[in-house]
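Heads up: the structure comes next, in C-alpha cells.
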Amino acid sequence: MGNMPRLTLSAKLYALLGAALCAGIIVSAVLWVQLRYVAHAYKGVITTEVQARAEARKMEVAEKMQVQEWSNLLLRGADTADRAAYTRAFRERAAEVHKHLETVQTLVAQKVHDTVAANEAAQFGSAFDGMSVRYDAGLRAFEAAGGRNAVQVDRMVRDQDRRPTEVLGRLLARLDSLATARMGDVDRHATDAIAISAGECSGVGVGAAVGARVGTVGGADGPVDWHGGRHGGAGAGGDRCVAGGAGAHRW
C-alpha cells in the first residue's frame, strides 16, 4: 500500500490553535450581542423610570421653592417692588411644577405604563390646582391691601400645601420602586450574561488545554500514520516490539 498522510505534532498544534481561535471568535460574538442587549436595557431604564423619577424630583423642588416664595412675599410684600418681584417668582415656580408634572404624566402614560403612578400623578395635579386657587385668592387679597394684611392672608392658605405634598410623596415612592425593580432586572440579566460568557471562555480554555495535552503526548514518539500505528524513533525501519514476559518479541 502507498504511504498514508501522517499528522505531525506541529500540524496538530496548529489545528488546535485554529479551533481555539474560532471558538474565541464565537464566544466574543455572543458576548457582544449580550452586552448590546444589556446596554439597550440600561438605556431604556434611564429614559423611562429613571427620567420620570428625576422629573418628579424636580417637581418636588419647584413646589418647595414656591412655598418659600410665598413666605418671602408675606414677609416683604409691604414694599410694592418686592411684592411684585416675589409674586412673579411665586407664579414662575407654579409654572415649573406644571411643566414637570406634564413630563411625568407623558412618560408614565407612554413609556412606564403604570396605572398606580398615573393615578398618583393625576391626584397630585388636582391637589396642586386646588391649592393654587386658594393661593390666588390670597394674592388678590394681599394686593388689594397693599401687602399690609400678611397675617390674614396667611390664615387663608395655611396648610394648603399638605395634600399636594402627601400625594407627591406617594408618587415619588412609586416611581422609586419602579426604577429600582427595573434596574434590578437589568442587573440580573447583566450578571447572567457575564456568567454565561465566563463559562464559555472556561470551556474553550479547558478544551484547548486538553487538546494540547493530547497532542503533546500523541506526538512524543514521532508522527502517527492513519493505520493507527506509531513509528518508533529508536528502532531502524520503524520495527514494532511487544514486551512480553522477560523478553521482547520482534515482528
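Remark: the Ala11-Ile26 segment gains 3.1 nm on full extension, using 0.36 nm per residue and subtracting the alpha carbon distance.
Here Lys99 is the anchor, and the lysines within straight C-alpha reach of less than 24 Å, apart from those fewer than 8 places off in the same chain, are Lys43, Lys58, Lys64, Lys111. Note: relative contact order over the range 38-196, using C-alpha pairs below 8 Å and six or more positions apart, is 33 percent.
Using the Cβ of Ala56 as centre and a radius below 15 Å, the other residues enclosed give a net charge of -2, where K and R count +1 and D and E count -1.
Using a Förster distance of 45 Å, how high is the FRET efficiency between His40 and Ala122, based on the Cβ-Cβ distance and rounded to 0.05? Don't jump to the answer; show the numbers that get you there.
Details: r = 31 Å, r/R0 = 0.68.
So, using R0 = 45 Å, E works out to roughly 0.90.
Our coupling estimate for the range 27-43, obtained by passing each phi through the Karplus curve with A = 6.51, B = -1.76, C = 1.60 and θ = phi - 60°, is 4, 4, 5, 4, 4, 4, 5, 5, 5, 5, 5, 5, 4, 5, 5, 4, 5 Hz, Gly and Pro reported as x. Give the distance, in whole Å, between the Cα centre of the range 107-126 and the Cα centre of the range 32-54. The range 107-126 and the range 32-54 have Cα centres spaced 20 Å from each other.
Each of Ala19 and Glu92 was given a label point 7 Å from its Cα along the Cα-to-Cβ line. The distance between the two points is 7.3 nm. Taking Cβ atoms as reference points and 15 Å as the exclusive limit, the residues near Ser177 contribute a net charge of 0, counting Lys and Arg as +1 and Asp and Glu as -1.
Ordered by the number of other Cβ atoms lying within 10 Å of each residue's own Cβ, fewest first, His189, His40, His100 fall into the sequence His40, His189, His100.
Our estimate of slack between Asp154 and Arg140, defined as 0.36 nm per intervening residue step minus the Cα-Cα distance, is 3.8 nm. Only aspartates and glutamates eight or more places from Lys12 in sequence, or on another chain, were considered; those with a Cα closer than 20 Å are Asp221, Asp225. Taking the fewest neighbouring Cβ atoms within 10 Å as the starting point, the ordered list for Met131, Met183 is Met183, Met131.
Across the options Ala81, Leu139, Trp70, the greatest Cα extent toward the positive end of the charge dipole of the range 62-145 (unit charges at beta carbon of Lys, Arg, Asp, Glu) belongs to Ala81. With the simple model of a label 7 Å out from the Cα in the direction of the Cβ, Val61 to Arg76 spans 2.1 nm. With neighbour counts taken as other beta-carbon atoms within 10 Å, the residues Arg91, Arg83, Arg140 rank, fewest first, as Arg140, Arg91, Arg83.
A short reminder: the numbers here are calculations on the coordinates, not readings from a lab. Since the model is a prediction, treat every value here as computed from it, not as a measurement. Cβ sites come from the backbone with ideal geometry, for glycine too, and all protein chains shown count toward neighbours.
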